[in-house]
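For reference, the structure discussed in these notes is given below.
The values are calculated or read from the model by the stated rules, or taken from the named source; none is laboratory data. Since the model is a prediction, treat every value here as computed from it, not as a measurement. Methodologically, a virtual Cβ is constructed for each residue, glycine included, from the backbone with ideal geometry; neighbour enumeration extends over all protein chains shown.
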Amino acid sequence: MKQSPKLKQAIDIATKAHEGQLRKTGEPYIIHPLAVMKILQEWGMDEDTVIAGVLHDTVEDTELTLKEIEDTFGKDVAFLVNGVTKLGKARKGMRDLDDYLPETSSNLLKLLIATGQDVRVLIIKLADRLHNLRTLSAMPPQKQQKIARESLEVFAPLADRLQMGHVRVEIEETSFYYLDRLRYDFLKNLTAERLKAADSKLKSAQKAVEDALKKEGIKYECDGRIKSIYSLHKKLAKYNQDINRIYDLIALRFIVEDVTTCYLVLGIIHSLFKPMDGRIKDYIATPKSNGYQSLHTTVITPEHQVVEFQIRTKEMHNFAERGLAATFFYNEQKLTKDYAEGKASKLPTNLLWIRELQEAAAKLSSGQEVDTKKLKLNLFADKIFVYTPRGDIIDLPKGSMPLDFAYRLHSDIGASCTGAIVNGKMVSLNTKLNQGDIVEIITTKNQKPNPGWLDKVFSKHARHKLLAQLNSIFPNFSPHKKESPQSQDTSKKKKS
């Protein structure tokens, strides 16, 4: 891969700084930052991020200073290196637990929050963790287990939230290998046996679809997808370990030029094979919580082979594999302190969780407490996508209600809400929203928020906005009391 003069300079500086240092593998230490650099380049990251990847261990492990990095490469690179350095130093200060305990995850999450002002810090850390996992064999077994569990509990979900599918899979696979080698080997052999048994039937189904697409003059790319070992492990737990109930063990993926062609290909597949009831999933019209889009269908071939097909555009495929890095926009709008201060442009809907991370970072930096347990649920839990009547997609935590939707649109809409229409029907304000719902908020100018609404909001965002409004209307308001401030005053008068 071609290297710019600036990147070459960074490599020279890092090589000199790490001179004489060795990794646990016995190799020169510089091999690690160069590997991180290569991973970031493969992900298509911007030059500042790649350079920060080369230099990410220099401030912590060598005599090179942050000031020298800033003078040579600018504030952005220094900011990124500093973020990764803070994360590394703070983690080293954590208790070196013999066993992985829940508080380790909480501590690490807090550290990730603190470095979350720029998402590129997390992406560099993902690249760093990925290479460390690839060389984990050099570590003692106890250390392998600790790093693997930490990776599975924190870094794999982070990769998923960044929609970096291939990174998530590799982190999960490698971590699972070190955590439960016997189970890993068993499932790997089981998958290989199934694939061997189905190979000829799969090829027959693929050829039938390809022949039909060529006949229609449809341009396509086709590849196979085998379910990851860890995903299979989790899914078998849901189906009482019955492999025969896992229909998506192997999938054929067709990548086409546009959305219209996706639906056309779906129709062609269904004209060739019988679709299974309840197995057609439209993630294009209703994306998954992390932004994933594709059409899925499971069919039964004339040879009685169950086959899953996935159909998507090139853009969808690129995003499914590389996530945030695939549509990186930092040259125009960097997710740095401007986002924490609310000055930057609106984030893409599927990345709105980043705002939560930055708000938490701002609180931590000012010495305020952050409920990491609640934030972890918000950060890693499922989200739902709902729609405005105009078709705009709104991202909300699973469990949200109409007021959460209203406050996400605008604080004033939330404050003046008198009702909601979901999928064309009037609903109460404590109705839970579902994936794909079309939501319309009814407002009245004279409406004001009331304390009873606190039981009708679920999201952190809506609750924060509602509490601010209640405090401005009722100066002595306490969220822990159900009655309104006026009734509190009345009760005081009766007692006096």
| Can you name every residue in region 269-303 that is over 20 Å from D211 (Cα atoms) and of a type in the set (D, E, K, R)? | D277, R279, K281, D282, K288
| field | The one condition in (1) loosely packed, with under 14 Cβ neighbours inside 10 Å; (2) of a type in the set (G, A, S); (3) touching a Ser or Thr at 6+ places or on another chain (Cβ under 7 Å) that A205 fails to fulfil | value | (1)
| query | Any idea which of A205, A198 is under 25 Å from K314 (Cβ atoms) and assigned by TED's automatic domain parsing to the domain that holds K288? | reply | A205
| said: So the check is Cβ under 8 Å with 6+ separation or different chains; which pairs have a first residue in region 455-470 that's closer than 18 Å to N430 by Cβ and a second one that's at pLDDT 90 or above and aromatic (F, W, Y)? | reply: V457/Y407; S459/Y407; H461/Y407; A462/Y407; K465/Y407; L466/Y407; L466/W453
| message | For the condition modelled with pLDDT of 85 or more and not small (G, A, S), what is the one hit in K288, K234? | response | K234
| remark: Among (1) under 20 Å from V84 (Cα atoms); (2) buried (at least 19 other Cβ atoms within 10 Å of the Cβ); (3) at pLDDT 90 or above, R134 falls short only on (2)
| field | Only listed residue being under 20 Å from I147 (Cα atoms), at pLDDT below 70, of a type in the set (D, E, K, R) and in a helix (DSSP H, G or I), chosen from E103, E60 | value | E103
| K67 vs. criteria among the charged types (D, E, K, R), more than 30 Å from E321 (Cα to Cα) and part of a helix (DSSP H, G or I) | yes
| task | Among the numbered conditions (1) among the small types (G, A, S); (2) modelled with pLDDT under 85; (3) under 21 Å from K8 (Cα atoms), tell me where G88 comes up short. | result | (3)
| query | Of (1) in a helix (DSSP H, G or I); (2) at pLDDT 90 or above, K432 satisfies all except one. Which? | reply | (1)
| field | Only listed residue being modelled with pLDDT under 85 and in a loop (DSSP other than H, G, I, E, B), chosen from N240, N244 | value | N240
| query | Which pairs do you get when a residue that is without any contact (Cβ under 8 Å) to a residue 12 or more places away in the chain, found in region 44-71, comes within reach of a residue that is in a helix (DSSP H, G or I) and of a type in the set (D, E), reach meaning Cβ atoms under 9 angstrom, with the pair 6+ apart or on two chains? | reply | none
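Table: residues versus (1) in a helix (DSSP H, G or I); (2) modelled with pLDDT under 90; (3) within 28 Å of P287 (Cβ to Cβ).
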position	(1), (2), (3)
K146	yes, yes, no
F155	yes, yes, yes
A159	yes, yes, yes
E173	yes, no, yes
E193	yes, yes, no
D199	yes, yes, no
K219	no, no, yes
| message | Here is a list: R168, R194. Which entry is surrounded by 14 or more Cβ atoms within 10 Å (Cβ to Cβ), over 23 Å from H131 (Cα atoms) and of a type outside the set (S, T, N, Q)? | response | R194
| request: Could you tell me whether region 276-288 includes any residue that is of a type in the set (G, A, S) and on the phi > 0 side of the Ramachandran plot? | output: yes
| Count of residues meeting criterion [part of a helix (DSSP H, G or I), in contact (Cβ under 8 Å) with a residue 12 or more places away in the chain and either exposed (fewer than 15 other Cβ atoms within 10 Å of the Cβ) or of a type in the set (S, T, Y) (or both)] in region 1-37 | 1
